[in-house]
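Notes to accompany the following structure.
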Amino acid sequence: MDFYRALSEHYDEIFPLRKPQKTFLHEYLKQESLTSVLDIGCGTGTFALEISQAEVRVHGVDLSDEMVEISKKKAQEIGSTATFSLEDMRDLSNINEKFDGVLCLGNTLAHVSGETELITVLSQFGEKGTHLLVQTVNYDRILAKQVKELPIIKTSNLTFYRNYAYRVDGLIEFTMKIEFPDTSQGVSGINLLFPIKCEDLKKALQKTGWEVSGLWGSFDKDMWTEDSPATVLAAERKPKVNSVIA
């Protein structure tokens, strides 16, 4: 079985919507008065479908055909107005609409190849919306402690393993493996990640015209520290100032 097909089929089982995520998103939408959202790296549409229930126009994009198809099917089943398409966050030129906000959650941003591509991606986000919410693994903690394994996720149907291997070029080889105890089968896949530390993310946002408006260590809104499990960061697009000649 192809790994990414297996991952898409079991994604909601491995990463179910948690109450803190749900509460955080609805409070964020309300606080910022967002009526339209572009969800980058939407996976199986979990977040997009949830916020679409708040009468928010949502379009989700992902690089996985399987994920997008599952998202569309789920939207149809529940009668959601959310729409989905196959897109790469590195090139959003096919998306002509403008949105109030852009979401990039679930460690999606770390899939850029490096600082140059990070700048390109954040600049494109600014062309699509005026508010941005990003969530990644806290790479300050990961790098400082040289973490080699993330917590194992076990359900009644599978076991999900996630391991890190550190490369000399600064990237991380992220290996994922799904084991199915009932069938004694397993599938694995590997991605390269660019570990973005918090200060580096802030600097990249500033370079691309964003202004940080919030920073937390989890969706519970805990204060961010180097030991936090995640980096959750909100930013707003700085308005362009027109110079006036007297």
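Given region 135-246, what strands (runs of 3 or more DSSP E) lie entirely inside it while holding 3 or more residues that are in contact with a helix residue (DSSP H, G or I) (Cβ under 6 Å, 6 or more places away or on another chain) and closer than 29 Å to Ile119 by Cβ?
Ranges flagged: 230-237.
Using the structure shown, decide if Thr208 is touching a residue at least 24 places away in the same chain (Cβ under 8 Å), of a type in the set (Ser, Thr, Tyr) and surrounded by 12 or more Cβ atoms within 10 Å (Cβ to Cβ).
Working: touching a residue at least 24 places away in the same chain (Cβ under 8 Å): yes; of a type in the set (Ser, Thr, Tyr): yes; surrounded by 12 or more Cβ atoms within 10 Å (Cβ to Cβ): yes.
Spelling it out, Thr208 is indeed touching a residue at least 24 places away in the same chain (Cβ under 8 Å), of a type in the set (Ser, Thr, Tyr) and surrounded by 12 or more Cβ atoms within 10 Å (Cβ to Cβ).
Based on what the data block shows, is Thr46 of a type in the set (S, T, N, Q), exposed (fewer than 14 other Cβ atoms within 10 Å of the Cβ) and either closer than 30 Å to Thr159 by Cβ or not assigned by TED's automatic domain parsing to the domain that holds Asp88 (or both)?
So Thr46 does not fit the description; no.
Can you name every one of the helices (runs of 4 or more DSSP H) wholly within region 1-81 that holds 2 or more residues which are of a type in the set (Ser, Thr, Tyr)?
Output list reads 3-14, 19-32, 46-52.
In the list Thr81, Thr108, which residue meets the criterion of being under 23 Å from His26 (Cα atoms) and either without any contact (Cβ under 8 Å) to a residue 60 or more places away in the chain or basic (Lys, Arg) (or both)?
Thr81
The values are calculated or read from the model by the stated rules, or taken from the named source; none is laboratory data. The model shown is predicted, which means the values in this text are computed figures rather than measured ones. Heads up, the Cβs are rebuilt from the backbone with ideal geometry, glycines too, and the neighbour counts pull from every protein chain shown.
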